[in-house]
Amino acid sequence: MLESCQNAQERWGGVHLLIDRWLQEREDLVKAFRELRDARPAFADKSKNGRFCQIMVDYLSAWHFEVCEQLVNEARAFDDVRGLELADKVGPRLDEIKDYALSFNDHCHKGECNDPERFAEALQKLGGQLRERFELEDCLIEVLHTAHKEEDPVQA
C-alpha cells in the first residue's frame, strides 16, 4: 500500500499544494494503519487506534471538502465532460468506502473494538477498502490533471 502511495507522490507532487498536502496525509494514514495492524493485539493499543482514526477522518474530510471539490470545480471550468462523468461514476463507491471507514471510527470511539477477532477482521476489510479508494482517487486525479494540463508550447 505504501509503495503505491509513494508512486502517487512522485506522479502528482508539485501539481498543486493542496494535492501535495493531501498525499502526505495519505502517507501518514498508511503508516498509522500499518502501526495499528502490526500492534499485538491491535485493538488494545488505544493510542495507535485513536491516532489512526483521527488521521483517517482528516484524510477523508480533506478529500471531500477540499481536493475533490477543487477537481470538480476545475473540471467544470474547463468544461471537462469526461472528468465530470468519471467523478459521478466513482463518487458513489468513494462514499461507500467513506461510510465504512466512518463506521469503523464510530465503533472504535464507542469502545466496541474489544473483540480481537472482530477488530482484526474489520481492520483487514478497511485496509482493502482504503487500497481501492486510493486507486479510485488516483484515477480521478489523473484524468482531471491530464485533461487540464497546459499544452507544451513547443509541441503545440
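The values are calculated or read from the model by the stated rules, or taken from the named source; none is laboratory data. This structure is a prediction, so every number in the text was calculated from the model and none was measured. Ideal geometry is used to build each Cβ from the backbone, glycine not excepted, and the neighbour counts take in all protein chains shown.
So the values come out like this:
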quantity: Residue count for the range 11-54, restricted to those that are more than 16 Å from the chain's Cα centre (by Cα), assigned to a helix (DSSP H, G or I) and either at pLDDT below 85 or polar (S, T, N, Q) (or both); calculated: 8
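To keep it simple, each residue is scored yes or no on (1) surrounded by 13 or more Cβ atoms within 10 Å (Cβ to Cβ); (2) in contact with a His (Cβ under 9 Å, 6 or more places away or on another chain); (3) in a helix (DSSP H, G or I).
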position	(1), (2), (3)
MET56	yes, no, yes
GLU69	no, no, yes
LEU94	yes, yes, yes
LEU102	yes, no, yes
GLU112	yes, no, no
GLU121	no, no, yes
LYS125	no, no, yes
